[in-house]
Amino acid sequence: MDSGKESKPLLTVFTPTYNRAYCLGQLYESLLRQTSNDFCWLIVDDGSTDNTRDLVSGWIDEGKLAISYYRQENGGKMRAHNWGVQLTTTELFLCCDSDDYLTDDAIEKIVTKWENYHFSKDKISGIIGPKCVYKENVKIKNTIPSIEEAMTVFDFTCRRGKVNETFLVFVTEIIRQYPFPLQDDEKFIPEGYIYRQMDDHYKMIPLKEELMICHYLPDGYTSGYGLKKIFQNPKGLALSANDYALRMGFNKKGLTAARNFVTYSFAAQRSLIQIVKLSKTKWMTLLTIPFAVIKFLKMKHYQEKNLN
């Protein structure tokens, strides 16, 4: 279902949601307060069993925002994200999760930053900025890069700054080329996986202001990689860890990623032969196998203990 708008906006605010009717209104209210209306709101409902559909229907009937609502069978955020990208018709695409909301001037500042960027955009995939993140009502500090030049996501978050969470505005035609890989019946893969693939070819325009606000919730994707998440999504996690190990190389972070790749692969019931064959860092993988075995056995123990 859709609410119409005559002129095509520059930006789509995309929200994947699952049973978040209790907090989705906070995002809606922040969109109503925007100082620029150069956007539309696209919602993909991942099979919610609460009153999300009725809630959004009421907002569409109000006619205060251009809203498009689609519903899929529960398949996880990544499937919803892939579909949302395909549905987007605007030049720019911003994913704003259902537990996040925007500052009142967020759209205006994003649009202004994009339109006033006077350098070549041939190798620019969009805009990156820091989220304002709260955990248990305590703000997590970001160290934002001081330079103005375009940089990769990794540069912004790790190498030139230390930013815990980011908001990313993508050129739709570019993000469409990088869908999340889907692993059988799994529903999760770390978002950083596709960002690293894009970093190989593109940079982003840094925007230093915290225009998106996030409060970590117990049911959120950012609540940590608990045992349940690992055993439900081992192949996706292994794929991401394998890629990260290759990029980090032979250092502490690389070895940790290699160990995690082996651990997650054990959770996916892969044999050692399969693990080594799939590994992108075979020597690192071989070195970390003993530590991965210990970690996996501990995980299995805690899992079985919690089930009993």
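Axis angle, to the nearest 10 degrees, between helix 282-307 and the longest C-alpha principal axis of the chain: 80 degrees.
Rg/Rh for segment 1-150 stands at 0.97; both radii use Cα atoms, and Rh follows the Kirkwood definition.
Please compute, over every Cα-Cα pair in the chain, the percentage with a separation greater than 24 angstrom. Above the 24 Å cut-off, the chain has 56 percent of its Cα pairs. For segment 96-165, the square roots of the Cα gyration tensor eigenvalues, ordered a ≥ b ≥ c, give a/c of at least 1.5 with a/b no greater than b/c, which places it in the oblate category.
Between 0 and 90 degrees, the angle of helix 106-115 with respect to the longest Cα principal axis of the chain falls at about 90 degrees. Charge dipole of segment 55-103 (Cα centre as origin; +1 on each Lys and Arg Cβ, -1 on each Asp and Glu Cβ, all else neutral): 160 debye, rounded to the nearest 20. Distance between the modelled labels on ARG247 and THR143, one decimal in nanometres: 1.9 nm (7 Å Cα→Cβ projection).
Ranked by the mean number of other Cβ atoms within 10 Å per residue, highest first, peptides 258-264, 179-185, 205-211, 125-131 order as 258-264, 125-131, 205-211, 179-185. Computed about the Cα centre, the dipole magnitude for segment 1-104 is approximately 180 debye when only Lys and Arg (+1) and Asp and Glu (-1) carry charge, each at its Cβ. Spherically averaged projected area of the convex hull of Cα atoms, segment 168-308: 10.6 nm². If the segment from HIS215 to GLU115 were pulled out straight at 0.36 nm per residue, it would be longer than the present Cα-Cα gap by 33.0 nm. Considering only ALA292, ILE230, PHE188, the residue lying farthest towards the positive end of the dipole of the chain is ALA292, judged by Cα position with unit charges set on Cβ. Measuring against 27 Å, Cα to Cα, the residue pairs LYS229/LYS253; LYS109/LYS229; LYS121/LYS280; LYS131/LYS229; LYS131/LYS282 contain LYS109/LYS229; LYS121/LYS280; LYS131/LYS282 as the ones spanning a longer distance. You can think of it this way: the chain between LYS123 and THR49 has 22.5 nm of extra reach, that is 0.36 nm per residue less the Cα-Cα gap. Straight-distance candidates among the aspartates and glutamates for linking to LYS123, with alpha-carbon spacing under 18 Å and chain neighbours fewer than 8 residues away dropped: GLU91, GLU115, GLU148, GLU149, ASP155, GLU173, ASP199, ASP200. Full extension of the chain between LYS208 and CYS23 gives 64.0 nm of extra length, using 0.36 nm per residue less the Cα-Cα distance.
What number, rounded to the nearest 500 deg cm²/dmol, is the helix-based mean residue ellipticity at 222 nm of the chain, given -39500 (n - 2.57) per DSSP H run of at least four residues and division by all its residues?
Numbers: 11 runs with 126 residues, N = 308.
Theoretical 222 nm ellipticity from helices: -12500 deg cm²/dmol.
The GluC sites (Glu not before Pro) of segment 1-86 meeting both criteria, a DSSP state outside H, G, I, E and B (loop) and at most 14 other C-beta atoms within 10 angstrom of the site's C-beta, are GLU6, GLU73. To the nearest ten degrees, helix 252-267 and the longest principal axis of the Cα atoms of the chain are 80 degrees apart. The charge dipole of segment 11-223, taken about the Cα centre with unit charges on the Cβ atoms of Lys, Arg (+1) and Asp, Glu (-1), comes to about 560 debye, rounded to the nearest 20.
A short reminder: the numbers here are calculations on the coordinates, not readings from a lab. Predicted model, so just to flag it, every value in this text is computed and none were measured. Ideal geometry is used to build each Cβ from the backbone, glycine not excepted, and the neighbour counts take in all protein chains shown.
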